[in-house]
1. On a 0 to 90 degree scale, rounded to 10, what angle separates helix 58-79 from the longest Cα axis of the chain?
2. Taking a ≥ b ≥ c as the square roots of the eigenvalues of the Cα gyration tensor of region 17-79, is the shape rounded (a/c under 1.5), prolate (a/b larger than b/c) or oblate?
3. Does the chain come out rounded, prolate or oblate by the C-alpha gyration tensor, with a ≥ b ≥ c the root eigenvalues, rounded set by a/c under 1.5 and, if not, prolate when a/b is larger than b/c and oblate if not?
4. Where does each of Ser35, Ser65 land when they are ranked from fewest to most other beta-carbon atoms within 10 angstrom?
5. Ranked by Cβ crowding within 10 angstrom, fewest neighbours first, how are Val20, Val71, Val28 ordered?
Amino acid sequence: MDVIAERRMELRSSTGSVEVVVKLGRPVPDESLDSWKCEYEIQFGDTTRSMAMHGSDALQALQLSIATLDVELEHGAKRRGGVLWHLDEPFTSVLEHSGLQVRVATGGPR
C-alpha cells in the first residue's frame, strides 16, 4: 500500500490505553473489476485490519474509504470498550472534522 495519509490516535479504556494508527492508501486501478480501489489499514495496538473500498473512479474509492474509516473506528473502539482520542480531545469522525462542506446548488445557469 502506498500510504498517502496517516493519523495516530489513542484508545482509552478502564484497563489503560493503546495507540491506534490509521493509514490511507493511494487509489489505484483494479483491472480485475474494471474499477478503482483505495486500501486502508487500522492498527489497534498490535491488532491490524486491512481493507479496500472500490469505486467507479479514484475519487469515489477514496471517499468510500474515508467514510468507512469512521464506521471501522467506532466499531473497533466500542468492541474494545474504549473511547478514541485525537489531539487530547474525544475523536468523533474523520469526515466531520475534515473541513469539507457539502455544496448546495443555487440553481441552473442564467
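Bear in mind these aren't lab numbers, they're just calculated from the coordinates by the rules spelled out. Bear in mind the structure is a predicted one, so any value in this text is a computation, not a measurement. Here Cβ is always computed from backbone atoms with ideal geometry, including for glycine, and neighbour counts include all displayed protein chains.
1. So the inclination is approximately 20 degrees.
2. Details: a/c = 2.96, a/b = 2.29, b/c = 1.29.
Prolate shape, in that a/c is at least 1.5 and a/b is the bigger ratio.
3. On the way: a/c = 2.80, a/b = 1.44, b/c = 1.94.
Note, shape of the chain comes out oblate.
4. Values: Ser35 15, Ser65 23.
The fewest-first ordering by Cβ neighbours comes to Ser35, Ser65.
5. Working: Val20 24, Val71 9, Val28 15.
Listing Val20, Val71, Val28 from fewest to most nearby Cβ atoms yields Val71, Val28, Val20.
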